[in-house]
Amino acid sequence: MGYFARFIGLAAALCVCASVTSAQTDAKADPGLPKDPKAQKTYADGLAYQHQRKIGLAMDSFKKADKQDGGHCQACRDRIISLSEKTGDFKSADAAAQEAIADAQTPAEQAKAHLDRGLMLMRMSDPRQKLDLFAEADKEFKTVIAAAPDYALVYFADGTVLGHLNQDEAAKAQFEQYLKLEQKDNVLRARAQRYIERPELVRARMAPAFETTTIDGKRISLDDMRGKVVLIDFWATWCPSCIEALPNIRSIAQKFANEPLVILSVSLDRDTDNDKWKKFVAKNQMTWLQTRDSSLADLFGVHVIPHTFTIDADGVLQDEKVGDASIEKKLKKLCADARKLQDAPQPAVAAAQ
């Protein structure tokens, strides 16, 4: 997962790539899928290779399918971009994005193509190196804004790249415009409000914004926990190492009961094991926040469990550990910092109209 996708989380919120199981059966339903019968078969082969994690063969299939379809297969290009981002192949990703822009016919298609390229540039940018891709992404988003000024999400995206370009006032203006246009509560609204207050956080290693539903049906988000240290623990009932690590998590929950710390255990148990998961939580007195949400594993790039992330009171990712490693010393320091933050006078922030 790229730097931007991992620490901002915008990529997940704006994802336009639908999950497809059969190109041949879905081609009529989705105009982005290949129309040519040969291209449909090649595209389906690419999906199979991708499922088998044969990335090179999958890429070749999607490129071939696009050619067989006369260079008009948007789904092929989306797959090429997605796989290229994972492998760091910027040349292939940008070639597919540029092809989509050239192929776009209507104003809506053109705006989407420019948006997709902007997001690709963001996801493949690294703030620790050159900022050229952020500047190029800003141009793409400005093109989208000119064509579709009421599209809220593009303002959040542009605010983010402007923040990385150290243009804090311009970034704040874009986040404020996003809040004006997006009236529904969502994870990005909370994140935008935080960035307006603290624009320098755009350049920090922010944990992905997310929402999830706890075991008791309560809807929570990461930004709801602002001002507190957050420990996210990925585990499963079928994972022996996770069960071995459970006493350590329980001990932390007890020792830090009066500290500004929130613990969220994220189970990766399957849907069919929902009852097993709930019974395990009750039996083992896991009284801290519990959720079963595999999408969070994708958002955080978790492939091995147990796996923990420690997030400070500003929402910045401070620590990541695989296995049952000691984290108490780090938590003590972060909780002390959180208390100082709570005691400090808070600046007044004008609400977005």
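The values are calculated or read from the model by the stated rules, or taken from the named source; none is laboratory data. Nothing here was measured: the structure is a model prediction, and the numbers come from that model. Glycine also receives a Cβ, built like all others from the backbone with ideal geometry; neighbour counts cover every protein chain displayed.
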Only one of GLN68, GLN50 is at pLDDT 90 or above and in contact with an Asp or Glu (Cβ under 8 Å, 6 or more places away or on another chain). Can you tell me which?
GLN68
Regarding LYS180, is this residue part of a loop (DSSP other than H, G, I, E, B) and farther than 24 Å from ASP343 by Cα?
no
Would you point out the residue of the range 256-280, among those that are without any contact (Cβ under 8 Å) to a residue 40 or more places away in the chain, surrounded by 13 or more Cβ atoms within 10 Å (Cβ to Cβ) and among the acidic types (Asp, Glu), that is farthest from ILE243 (Cα to Cα)?
ASP273
When SER294 is run through (1) farther than 24 Å from LEU331 by Cα; (2) among the polar types (S, T, N, Q); (3) in contact with a helix residue (DSSP H, G or I) (Cβ under 6 Å, 6 or more places away or on another chain), the failure sits at (3)
Considering only the range 204-228, how many residues are assigned to a helix (DSSP H, G or I) and either on the phi > 0 side of the Ramachandran plot or surrounded by 15 or more Cβ atoms within 10 Å (Cβ to Cβ) (or both)?
3
Positions within the range 281-296 being within 17 Å of the chain's Cα centre (by Cα), buried (at least 18 other Cβ atoms within 10 Å of the Cβ) and in a helix (DSSP H, G or I), in sequence order:
LEU296
State whether one or more residues within the range 76-96 are touching a Pro at 6+ places or on another chain (Cβ under 6 Å) and either charged (D, E, K, R) or not assigned by TED's automatic domain parsing to the domain that holds ARG191 (or both).
no
Filter the range 235-269 for residues that are part of a loop (DSSP other than H, G, I, E, B) and of a type in the set (Gly, Ala, Ser); the one that is farthest from SER295 (Cα to Cα) is ALA257
Taking the range 85-115 and keeping residues in contact with a Lys or Arg (Cβ under 9 Å, 6 or more places away or on another chain) and in contact (Cβ under 8 Å) with a residue 40 or more places away in the chain leaves GLU85
Buried (at least 23 other Cβ atoms within 10 Å of the Cβ) and polar (S, T, N, Q): does that describe THR106?
no
In the range 229-255, residue surrounded by the fewest Cβ atoms within 10 Å (Cβ to Cβ) [restricted to those that are under 21 Å from the mean Cα position of the chain (by Cα) and not β-branched (Val, Ile, Thr)]:
TRP235
If GLU197 meets every condition in (1) modelled with pLDDT of 95 or more; (2) within 30 Å of VAL266 (Cα to Cα) apart from one, which number is that one?
(1)
Starting from residues that are charged (D, E, K, R) and surrounded by fewer than 23 Cβ atoms within 10 Å (Cβ to Cβ), keep the ones in the range 125-157 and report whichever is modelled with the lowest pLDDT.
ARG128
Could you list all residues from the range 142-157 that are in a helix (DSSP H, G or I) and without any contact (Cβ under 8 Å) to a residue 40 or more places away in the chain?
LYS142, THR143, VAL144, ILE145, ALA146, ALA152, VAL154, TYR155
Is one or more of the residues making up the range 77-88 surrounded by fewer than 16 Cβ atoms within 10 Å (Cβ to Cβ) and either hydrophobic (A, V, I, L, M, F, W, C) or closer than 20 Å to ALA171 by Cβ (or both)?
no
Filter result (of a type in the set (Asp, Glu) and more than 19 Å from PRO34 (Cα to Cα)) within the range 77-108:
GLU85, ASP89, ASP94
For the range 183-192, state whether one or more residues are within 19 Å of the chain's Cα centre (by Cα), under 23 Å from ASP298 (Cβ atoms) and not assigned by TED's automatic domain parsing to the domain that holds ARG123.
no
